[in-house]
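Here the structure comes first, spelled out in structure tokens, and everything after it is commentary.
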Amino acid sequence: MLDTSKHKGLRKRLVEELIKKGIDSKMVLNAILNIPRHFFIDNDFESHAYIDKAFPIDSNQTISQPYTVAFQTSVLEIEKNDKVLEIGTGSGYQTAVLVKLSSNVYTIERQHVLYRKSMKRLNMLGYSPKLIKYGDGYLGLPEHAPFDKILVTAGASEIPKKLLLQLKIGGKIIIPVGDMNQEMILINRKSETKFEKKKLGKFNFVPMLKKVN
Ligand code: SAH
């Protein structure tokens, strides 16, 4: 696998496009500028890597659109020591972006093929999170909770209570909710029992499914 000056040029253009679309987090833009997204897509489709679109990966899933990755990551305002949980490792691209921002990233994937492939890929590329788990993201990771930030990359039909309860007070979760066209929801845990909710617009995700296969 090569990361050529052509790839770097395409990434620069992608970053400019994301800035035009309203992304302004320097840290997030810098991660996107530096991570070779074409390493997360099968070789034959490399030319699609720097177009701002979702793209099919194995097991009928998709690598999220760069804008969506940038948007979800930006609103979480991740800091270096934040403990971050991602639901839906998929290709591992969003995981790599998180690993650039925090040294404390955990991720869960329910498709075994993707879990294995992304674990290998992330370790090979040196974007290793603390843990990649094969399992059901609806359950979260109680043994590693609480988290400062939780990022869900599949559309959930409702907000999973277990995930809310695995947030620190002051922690945030970003999650697309709904069956087809999801509403992006940002929730901030204000106290043991108080959760503040904001709607951030419509997005399209593959569905979050229960249990592992
Ligand atoms: N972050 C990924 C997005 C992949 S799409 C990327 O950019 O490549 C969403 C992913 O969520 C898929 O890989 C899907 O298999 C996974 N997923 C769906 N339901 C899940 C669940 N209950 N627990 C964990 N992962 C889930």
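Per atom type, the stretch 158-213 shows carbon and sulfur on 56% of its accessible surface, probed at 1.4 Å.
Semi-axes of the equivalent ellipsoid for the stretch 46-97, computed as √(5λ) from the eigenvalues of its C-alpha gyration tensor and ordered from largest down, come to 22, 13, 8 Å. Contact order for the chain, expressed relative to its length and based on alpha carbon pairs under 8 Å spaced 6+ residues apart, stands at 15 percent. Value of Rg to Rh for the stretch 123-213, rounded to two decimals, is 0.98; Kirkwood radius and Rg both from alpha-carbon coordinates. Taking Lys and Arg as +1 and Asp and Glu as -1, the other residues whose beta-carbon sits under 11 Å from that of Val75 total +2. Counting every alpha-carbon pair across the chain, the share separated by more than 29 Å comes to 18%.
In the chain, the DSSP beta bridges split such that about 45 percent are antiparallel, to the nearest 5. Accessible area per residue for the chain is 49 Å², calculated with a 1.4 Å probe on protein heavy atoms, without ligands, DNA or RNA. Cross-link pairs exceeding 26 Å between alpha carbons, from the set Lys12/Lys190; Lys53/Lys162; Lys26/Lys202; Lys172/Lys202: Lys12/Lys190; Lys53/Lys162. Of all aspartates and glutamates in the structure, the ones whose alpha carbon falls short of 12 Å from that of Lys199, not counting any fewer than 8 places away in one chain, are Glu183.
Solvent exposure of Asp42, expressed as accessible area, is near 70 Å², computed with a probe of 1.4 Å over the protein chains only. Which of rounded, prolate, oblate describes the stretch 83-131, given a ≥ b ≥ c as roots of the alpha-carbon gyration tensor eigenvalues and a/c under 1.5 marking rounded, otherwise prolate only if a/b is larger than b/c? Oblate shape, in that a/c is at least 1.5 and b/c is the bigger or equal ratio.
The values are calculated or read from the model by the stated rules, or taken from the named source; none is laboratory data. Worth saying up front: this structure is predicted, and the values here are computed from it rather than measured. For neighbour counting, all protein chains shown are included, and Cβ atoms are generated from backbone atoms with ideal geometry for every residue, glycine included. Calculation scope for accessible area: heavy atoms of the full protein, side chains included, ligands and nucleic acids excluded. Shrake-Rupley method; radii C 1.70, N 1.55, O 1.52, S 1.80 Å.
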